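To start, the structure under review is shown below, and the notes come after it.
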Amino acid sequence: MYFIHRALKNIYQGLDLVNIHLFHDASNLIAVNSSPSIYSANRKKALRYVINRWDQISDNPSNPIPFFLFGDFNFRLDTLTLVQVWMDIVSNNTQLLKYDKEITSFHDVIREEDITFPPSYPYIEDSNQPKQYMNTRCPAWCDRILMSHTAHDLINRVSWTCIFSAMWS
């Protein structure tokens, strides 16, 4: 990671990496009572707090340092709405993306790459059933990599081949 950070620092005057772990849904019975759930509201407040603190510690607000947020955001699908339409979509995981709403509150400051894979949570811990979800929680994309708009611009502008070649030579 040091080499990547140094290479990016030379290209873009810095880069911040932030690992985050937000609150999980302690009870599906409570989560299904409202949309968004109370847990979603708590995660939203916590993530907004982290993003706002990042803005406050920035040396130059007119030229912010790109940052990546990664880790377990515990974002869940909109459980109330999902339960109401579950039988129609259970056979097609890609249709679940329209219920992945928690991140939309932050599109003004962060983004992520397109999700092109089925929900990664919560699989049964049985090697004989590698694609079977648990019955106790709603499928979701909890572990994610989010980035500031400037970080997204950076990764789409930089020649990664040159950076990795320089690191290994």
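Throughout, read-outs are computed from the coordinates displayed, never taken from laboratory work. Quick caveat, the model's predicted, so the values are computed rather than measured. Every residue, glycine as well, gets a Cβ built from its backbone with ideal geometry; the counts of neighbours run over all protein chains shown.
Per-structure values
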quantity	calculated
Computed magnitude of the charge dipole of region 24-80 (debye, nearest 20; Cβ of K, R +1, Cβ of D, E -1)	140
Positive-end extreme of charge dipole, region 18-159 - chosen from T104, F70, N156 (charges on Cβ)	T104
In sequence order, calculated HN-Hα J values of region 101-114 (Karplus, 6.51, -1.76, 1.60; Hz; x Gly/Pro)	9, 4, 6, 4, 5, 10, 4, 5, 10, 9, 8, 9, 6, 4
Karplus (6.51, -1.76, 1.60) ³J(HN,Hα), θ = phi - 60°, over region 23-35, in Hz, Gly and Pro reported as x	4, 8, 7, 5, 8, 5, 5, 7, 4, 7, 7, 8, 9
Length gained when the stretch L17-N156 is fully extended (0.36 nm per residue, less Cα-Cα span)	48.3 nm
Sequence of S34, S27, S148, S62 once ranked by neighbouring C-beta atoms within 10 Å, starting from the fewest	S62, S27, S34, S148
